[in-house]
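The values are calculated or read from the model by the stated rules, or taken from the named source; none is laboratory data. All values reported here derive from a predicted model rather than from experimental measurement. Reconstructed Cβ throughout: ideal geometry from the backbone, glycine too, with neighbour counts over all protein chains shown.
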Amino acid sequence: MSIGLIGRKVGMTQVFQDDGTMVAVSVLAVEPNTVTRLRTPARDGYSAVQLGVEESKKITRPERGQLRGLPPLSTIREFRVEDVEAFEVGQKLDVSLFAPGDLVDVTGVSKGKGFAGHIKRHHFKRGPKTHGSDHHREPGSIGPGTTPGRVYRGLRMAGHMGDARTTTKKLRVVRTDPERNLILVKGPLPGARNALILVKKA
């Protein structure tokens, strides 16, 4: 359990390291996060730091009441921590929290791919296309008939694919840019451009 930051996925690019090797990186735009609330075991039953970003006029009156004395932040998320003594409401956290070489866990919502078949969704193999076979992209048998006489729950079949909360773990921070509020992380990240991303130390 460690503190993290809320950001947006900008896209992907490539950078060159000191030894001349090229690395594909994902660019995260992380504006300074504001601590909006501290969760304590005595009051809430757990320890966490609530952060907010992205000021907006379109927040509800209950949200304005929760953020009394703070900017009207529209995006709020919590990070579980061991102890909240090092934080205070109104404190700002920025990309200086991370350094090149750090390992981070990145959480986002993967791209939605709509209704997908079993081959695309679960990487099933197709049937033969020769010798008179008409079983090309069909799922095949889904279970015995007499016993159990039903389809097991959770059987891998065609259905809705993507658009799910996904965490990619132990990615390496290649570079940080505090002046432009950017973090460059090695490899691809879940979500489309401008998707909301949570990044915290692994």
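If you go through the range 61-106 and keep only what is touching a Pro at 6+ places or on another chain (Cβ under 7 Å) and more than 17 Å from residue 31 (Cβ to Cβ), you end up with just 64.
Determine whether residue 96 is polar (S, T, N, Q) and in contact with a strand residue (DSSP E or B) (Cβ under 7 Å, 6 or more places away or on another chain). Don't jump to the end; show me each part of the working.
Values: polar (S, T, N, Q): yes; in contact with a strand residue (DSSP E or B) (Cβ under 7 Å, 6 or more places away or on another chain): no.
Criteria not met by residue 96.
Taken together, 192, 202 contain a single residue that is within 14 Å of the chain's Cα centre (by Cα) and at pLDDT below 90, which is 202. A Cβ distance below 7 Å, combined with a sequence gap of six or more or placement on separate chains, defines the contacts here; from the range 43-55, residues that are over 15 Å from residue 200 (Cβ atoms) reach residues that are of a type in the set (Lys, Arg) and in a strand (DSSP E or B) in the pairs 46/39; 46/80. Within the range 160-185, being surrounded by fewer than 16 Cβ atoms within 10 Å (Cβ to Cβ) and within 17 Å of the chain's Cα centre (by Cα) holds for 162, 163, 164, 165, 166, 167, 169, 170. Can you confirm whether the range 2-14 contains a residue that is at pLDDT below 90 and either on the phi < 0 side of the Ramachandran plot or touching a Phe, Trp or Tyr at 6+ places or on another chain (Cβ under 6 Å) (or both)? Scanning the range 2-14, I find at least one residue that is at pLDDT below 90 and either on the phi < 0 side of the Ramachandran plot or touching a Phe, Trp or Tyr at 6+ places or on another chain (Cβ under 6 Å) (or both), so the answer is yes.
Restricting attention to the range 12-28 and to residues that are small (Gly, Ala, Ser) and farther than 14 Å from residue 106 by Cα, the residue that is surrounded by the most Cβ atoms within 10 Å (Cβ to Cβ) turns out to be 24. Summed over the range 141-162, residues that are touching a residue at least 12 places away in the same chain (Cβ under 8 Å) and part of a loop (DSSP other than H, G, I, E, B) total 7. The condition of being surrounded by fewer than 18 Cβ atoms within 10 Å (Cβ to Cβ), assigned by TED's automatic domain parsing to the domain that holds residue 197, under 25 Å from the mean Cα position of the chain (by Cα) and farther than 25 Å from residue 172 by Cβ holds for only one of 55, 31, 82, 88, that being 55.
Go through the range 78-104 and give me each residue that's part of a loop (DSSP other than H, G, I, E, B), in contact (Cβ under 8 Å) with a residue 12 or more places away in the chain and not hydrophobic (A, V, I, L, M, F, W, C). If the condition is that a residue be part of a loop (DSSP other than H, G, I, E, B), in contact (Cβ under 8 Å) with a residue 12 or more places away in the chain and not hydrophobic (A, V, I, L, M, F, W, C), then 82, 83, 88, 90, 91, 94, 100, 101, 102 are the ones that fit.
Checked against (1) modelled with pLDDT of 90 or more; (2) surrounded by fewer than 16 Cβ atoms within 10 Å (Cβ to Cβ); (3) closer than 21 Å to residue 6 by Cβ, residue 106 passes all but condition (2). Set side by side, the residues 75, 107 differ, and just one is closer than 23 Å to residue 45 by Cβ and assigned to a strand (DSSP E or B), which is 107.
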